Amino acid sequence: MMDARRRAELETTARFGPKGAVQADNAMVVTSHPLATEAALEALKRGGNACDAALAAAAMQLVVEPHMTALTGGLSLLYRDAASGRAAYMNGNINAPLAPLPGYSGRDIHTARGVPVPGWWSGFQAAAGAWGRLGVAALLDPAIAVAREGFRMNPYLFGLVYGHLEQLGVHEQGREVFWPDGELVGPDGLVRQSRMARTLERLRDEGDAYYLGDFAHAFCAECQGAGGVITPQDFRAYRPMFQRPLEGRYRRFDLIGSPPPDDGGLMLIEAFNMLERFDIARMGPPSESFETLQLLIRAHNAVYYAPPRQGDLDTAPAEIGILLSKAYAEQRLTLMEMDEPRAAGACPTPGTIHISVVDAAGNCASLTHSHMASPWVNGLFAEGFQLSGGGSFFQRILPQPGARATVYLAPMIVLDQGRPVIVAGSPSVSLVACTLQNLVNLMDFGMTVEQSVSQPRFGARPHSPDLGWLPGTTLEADFPPAVRSAFLDWTGRRRLWSRIVQPRCTLTGNFEAVARDLKSGRLSSAADPRRVGAAAGY
């Protein structure tokens, strides 16, 4: 377990901006916080595998990134075993309550009616049991120590704390963390979470006896007291889902992605089926060529704003087979030439976190977890954790009572000649757009991860103070002037929702990827400058 000096060194690196490339011969980790990356690396060095490392990082992120994830949200993991060459997907995402939610709307996200049934802990245990080596206690201990002893407030966390003072300051559990002495913890101040530490200790020592007992009762009391409908029966009824990942092919690369109801993997494979018809390498990178940028935006919007898909390879093989087919991609391209794809339905709000790991044996883990809404969106807490606003995703499609939510998570693994060469994913409202652009940079233009994450990118869902999250496209302001002008002219003429946003906008995603060079076997990574993360290897 990391000592105080090492922790202090790492905390000083939790800053926005370029992080630099990292290379290693054996194993590599990239996350959105240096302490999470260190927890993953320590798990590997203690004999754990890629699954252990990803879960240790996820547990640490509960503590150091409480604005992005919570025990009350969901956790999903794409895992590929190197020895067998088989990949599997564990969906530990959120459920709808067993009780109905009549008249549900976006307004409910800010209330207890927008609180979903959590899957984080159930998914964490299921993944550790299926693929891990170290055991739950070893994975939680580093996070417990940091929760109890504290960590330094970084600029990203402080900015979001300051922007949500009302939700945090009203609740006793928010004040005890961020107003410990009657004053708001400032930048570089110490954030201690003793209540969270006790919760994680009880999970470590008592497991489901605590989770389905005292934790569930505290959660439900907080939820019902504010008008929600979740009961302990919802906790007892929840089950993680083990699924077959989706597979696709793009040029010489084989793609492995998440299956619905985590439908971002399906979206990406559908988009790559369309892009394969074009000589993108000739057209130039999307950060320099409007022709390429426009093509990527149109392919992205065609799949991202399509009606959500719930079935997977086992429950809806015919439907999924059509969506994955190259023939269907050709039909969609023809339709896309006739008119721009338009969105329908409401827009979920942003929030999520991602981890990518390759271990010394070649096992790969791509893990996404979240509270799935803007930070502290409802001002509710239980046992040291905010209650998730994941009902944001019930706006896409309201699940049947007790059913899994449809969420556009997109953990990905890319193979070349049968060997993993990219393990990747992204958080945020633009995670599909982010992953698509960066994979194109890596696969079509041979960029390194460091080069790719430094490029300007487009994102999804412009935000309007009056209209909320709109179905359309954002563009970071540091594109070349000619590309930016062409974008504004195109979207203006077609009356498409669009907005220019600041360079390195956190809402355009945070690409967290590990790449392997097939010739040398070396691993490389670089944390995205849009958040405060770190890559590390050995």
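Every number in this text was worked out from the coordinates using simple rules, so none of it is lab data. Being a predicted model, the structure only gives us computed values, none of them experimental. Reconstructed Cβ throughout: ideal geometry from the backbone, glycine too, with neighbour counts over all protein chains shown.
Tabulated data for the structure shown
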read-out: Alpha carbon centroid spacing (whole Å) that separates the range 9-29 from the range 41-94; value: 19 Å
read-out: DSSP-assigned coil residues among trypsin sites (Lys or Arg not before Pro) in the range 488-520, each with at most 16 further Cβ atoms within 10 Å; value: Arg494, Arg495, Lys519
read-out: Entry for log10 I(q)/I(0) by the Debye sum over Cα atoms at q = 0.09 Å⁻¹ (calculated from the structure that is shown) out of [x] -0.80; [y] -0.58; [z] -0.72; value: [y]
read-out: log₁₀ of I(q)/I(0) at q = 0.15 Å⁻¹ - the range 65-148, Debye sum with one point per alpha carbon; value: -0.73
read-out: Burial ranking of peptide ranges 260-270, 414-424, 311-321 (average Cβ count within 10 Å, highest at the top); value: 260-270, 414-424, 311-321
read-out: Hits among aspartates and glutamates - C-alpha to C-alpha of Lys519 under 14 Å, sequence gap 8 or more where chains match; value: Asp25, Asp416
read-out: Fewest-first ranking of Ser392, Ser520, using other Cβ atoms within 10 Å as the exposure measure; value: Ser520, Ser392
read-out: Inter-part distance where the range 159-238 and the range 476-521 are each reduced to a Cα centre, Å; value: 36 Å
read-out: Compactness of the range 214-347 as Cα Rg over 2.2 N^0.38 Å, two decimals; value: 1.40
read-out: Interatomic Cα distance distribution for the range 378-453, bins of 5 angstrom, percent; value: 3, 12, 16, 16, 15, 11, 10, 10, 5, 1
read-out: FRET E, pair Thr13, Ala318, Förster distance 56 Å, beta-carbon r, rounded to 0.05; value: 0.65
read-out: Cα Rg, Dmax, the range 1-150, angstrom units; value: 17.4, 55
read-out: Placed amide H near Ser370: partners under 5 Å, 5+ positions off or other chain; value: Ala70, Gly74
read-out: Farthest positive-ward along the chain dipole, Cα basis, beta-carbon charges - from Gly189, Ala145, Pro456; value: Pro456
read-out: Rounded Å value of the spacing that divides the Cα centres of the range 287-315 and the range 448-474; value: 14 Å
